[in-house]
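Let me begin by presenting the structure, written as structure tokens, before commenting on it.
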Amino acid sequence: MKFLIAIIGLLVVFGLAYLASNGKKQIRYRPLAIMIVLQVILAYALLNTGVGTFLIGGFATVFKSLLDYANEGIAFVFGGLTTVGAESGGAPFFLSVLMPIVVISALIGILQYIRILPFVIKYIGLVLSKINGMGRLESYNAVASAVLGQSEVFISVKKQIGLLPKHRLYTLCASAMSTVSMSIVGAYMTMIEPKYVVTALVLNLFGGFIIASIVNPYEVTEEEDILEVQEEEKQSFFEMLGEYILDGFKVAIIVAAMLIGFVALIALVNGIFSAVLGISFQELLGYVFAPFAFIMGVPWKEAIQAGSIMATKMVSNEFVAMLNLKETAMSARTTGIVSVFLVSFANFSSIGIIAGAVKGLHEKQGNVVARFGLKLLYGASLVSVLSAIITGLFL
């Protein structure tokens, strides 16, 4: 039965992507088929094989160790708070989940400085470009987004931003919204199972290309297939380290501020809806998103609960939704499917973040991004649904 639902789900996702396509006759089906098969193979390998379990376990162990090391610095600065938190059953969310972003950001900076990350990103992107049938710039951008972040990635290709036509710019922005940056992966792993975080990272990478190839199909000529990565200004090691540490702290503060605002506003709106209609806003959204949860493989009896969490992620952000998921009692299968759906930046606030990042580099192109912002969210949401459907096949 789950295979039949998965097939229906895939048809719905591809149908919705096809309806929004701006070049239906330009769609190339061979790369699409290859990437879908790769998604299925990778999902099976990660979730149902010993090798996958070993790789995910290793990945999770690395991040757990990083979080433990981060706690040394956190305890030094916030010692009293962490001690009180431990005695009451857990440190405050800001300290245990968000503050480690500072340390991981610093490590990313070090790997950038010693030229390991640029090398890895460039050559993984080159391999991907042979598979997805897109340009080297698009492939580089997808991998770089997963490492550097959805706004920082545009700085690395700022030489080309002003020269890109609208269709190529859409693909770059879609990749940035469909993936998540490595600096906050550790934070996700404290809220949902690491295997679902890793699975989502891998599937979203290919899913972004699959949906973009339908919604926004085009071919890149040899003359256009140029990749110019902006070299960072030469800095001393400690200048760079201080900059990345501060960047990580800014991310943690921004996420904390957004969580305070969104959680409070959702509680306010829920209260108003409950008083007026006898049903909370999140429950209402659950009914709207329940059919999508069902085609992802969620049993119908849990579809409304799952749909509510999915909607929360879209109207606020993935952190709020993950907190809701932790507090919601659902089957292991449903929790796994919804967890994979949540691991992306596909929400309304990301439209502003990406448009603002591009506008900071090139005002005209930033305005172009703002105009196709809703279509960007539409495509990135389909990527999340696609990844969840593929995951549901193996749970």
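The values are calculated or read from the model by the stated rules, or taken from the named source; none is laboratory data. Note that the structure is predicted; figures quoted are calculated from it, not measured. Backbone-built Cβ (ideal geometry, glycine too); neighbour counts: all protein chains shown. Side chains included, ligands, DNA and RNA excluded: accessible areas come from the protein's heavy atoms. Shrake-Rupley method; radii C 1.70, N 1.55, O 1.52, S 1.80 Å.
Summary of values
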{"read-out": "Whole-angstrom Cα spans of the chain along principal axes, big to small", "value": "62, 57, 47"}
{"read-out": "Residue of Leu277, Leu201, Leu126 that the Gaussian network model of the chain assigns the largest fluctuation, springs spanning Cα pairs under 10 Å", "value": "Leu277"}
{"read-out": "Span-rule helices in the chain, defined as complete DSSP H runs reaching 27 Å or more along the axis (Cα) with Kyte mean at least 0.5", "value": "29-48, 50-87, 194-215, 237-277, 373-392"}
{"read-out": "Pairs of Cα atoms farther than 23 Å apart, segment 143-271, %", "value": "49 percent"}
{"read-out": "5 angstrom amide H check on Thr190, placed H, neighbours 5+ away", "value": "none"}
{"read-out": "Protein accessible area in the chain, 1.4 Å probe - carbon and sulfur %", "value": "68 percent"}
{"read-out": "Taking segment 106-239 and dividing mean pair separation by its residue count, relative contact order in percent (alpha carbons under 8 Å, at least six apart)", "value": "29 percent"}
{"read-out": "Most mobile listed residue (Phe249, Phe93, Phe341) in the chain, GNM with C-alpha springs under 10 Å", "value": "Phe93"}
{"read-out": "Interchain or long-range residues, amide H under 5 Å from Gly149's placed H", "value": "Met182"}
{"read-out": "Largest to smallest principal axis extent of the C-alpha atoms in segment 1-78, angstrom", "value": "60, 32, 25"}
{"read-out": "Per principal axis, descending, Cα span of segment 340-395 in whole Å", "value": "45, 15, 14"}
{"read-out": "Debye-sum result for segment 121-205 in log10 I(q)/I(0), which assumes one identical scatterer on each alpha carbon, at q = 0.10 Å⁻¹", "value": "-0.25"}
{"read-out": "Against the rule of thumb 2.2 N^0.38 Å, how large the Cα Rg of segment 16-149 comes out", "value": "1.45"}
{"read-out": "Within segment 92-129, backbone nitrogen closer than 19 Å to the virtual label 7 Å beyond the Cα of Ala75 toward Cβ", "value": "92-104"}
{"read-out": "Cα gyration tensor, segment 231-337 - rounded (a/c under 1.5), prolate or oblate", "value": "prolate"}
{"read-out": "Nitroxide proxy distance, nm - points 7 Å out along Cα→Cβ at Val127 and Lys364", "value": "3.8 nm"}
{"read-out": "Estimated [θ] at 222 nm from DSSP helical runs (n ≥ 4, -39500 (n - 2.57)) normalised by residues in the chain, nearest 500", "value": "-25500 deg cm²/dmol"}
{"read-out": "Å² of accessible area per residue within the chain, as computed with a 1.4 Å probe and no ligands counted", "value": "45 Å²"}
{"read-out": "DSSP loop GluC sites (Glu not before Pro) with at most 13 other Cβ within 10 Å excluded, longest remaining stretch of the chain", "value": "1-218"}
{"read-out": "Relative contact order computed over the chain (Cα-Cα under 8 Å; 6+ residues apart), in percent", "value": "25 percent"}
{"read-out": "Cα shape, segment 132-180, gyration tensor, a/c 1.5 rule", "value": "oblate"}
{"read-out": "Distance (nanometres) between label positions extended 7 Å along Cα→Cβ at Phe3 and Val263", "value": "4.4 nm"}
